[in-house]
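Here is the structure we will look at, set down as structure tokens.
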Amino acid sequence: MKILKVEDHSYSIIYVNDNEKYNVYKRIDDGKWEIFHRNQWKSVTNNITSLDQMFGDFYKKPTNINQ
């Protein structure tokens, strides 16, 4: 899984490339995720740990400000 883009609101919208399939997730809180599927938000019950890990790693990435 690879994060392509994150939009921050009162929740986060995360665009993910997941094994050549693109998914849109909504992160409401730690451990609370929804996936946009067939024009509806549905609760995610699996991959929560890997989604939280990927989201945390995305924000820990160093930014190259001095380039």
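Since every read-out is calculated from the coordinates, none of them should be taken as a lab result. The structure displayed is predicted, hence computed values, not measured ones. As a convention, Cβ positions derive from the backbone with ideal geometry for all residues, glycine included, and neighbour counts pool all protein chains shown.
Here's how it looks for V44: its modeled amide H is under 5 Å from those of W33, E34, I35, which are all 5 or more places away or on a different chain.
Given Cα pairs under 8 Å that are at least 6 residues apart, what percent is the relative contact order of the chain? Walk me through the intermediate numbers first.
On the way: 88 pairs, mean separation 13.6, N = 67.
Relative contact order, the chain: 20 percent.
Evaluating 6.51 cos²θ - 1.76 cosθ + 1.60 at θ = phi - 60° for every residue in segment 8-21, the Karplus couplings come out as 9, 10, 6, 9, 10, 9, 10, 9, 10, 8, 10, 6, 6, 10 Hz, glycine and proline recorded as x.
Could you size up the charge dipole of the chain around its Cα centre, putting +1 on the beta carbon of Lys and Arg and -1 on that of Asp and Glu, and report it in debye to the nearest 20?
Values: 10 positive and 9 negative charges, 31 e Å.
Here the chain has a charge dipole of around 140 debye.
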